[in-house]
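Below you'll find the structure, written out as structure tokens, and then a few comments.
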């Protein structure tokens, strides 16, 4: 084990976890610009809620 800070893994600014129903609005907001550019398909809000429940 070393105490050299350069040898430590970089700090992660985020945590990956399963999506929850409370995340749906943020997911929609993340997808919206890509849907506007036709990179991703847009969904109705209820579609995101259904997908989150099926994913978990």
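None of the figures in this text is laboratory data; all of them are computed from the coordinates on show. Just so we're clear, the structure is a prediction, and the values are computed from it rather than from any experiment. Note: ideal-geometry Cβ built from the backbone for every residue, glycine included; neighbour counts use all protein chains shown.
Before moving on, here are some points about what is shown:
- Under the criterion of Cα pairs below 8 Å and six or more residues apart, the relative contact order for region 16-56 equals 54 percent.
- Protection proxy ranking of 41-47, 22-28, 11-17 - average other beta-carbon atoms within 10 Å, highest first: 22-28, 41-47, 11-17
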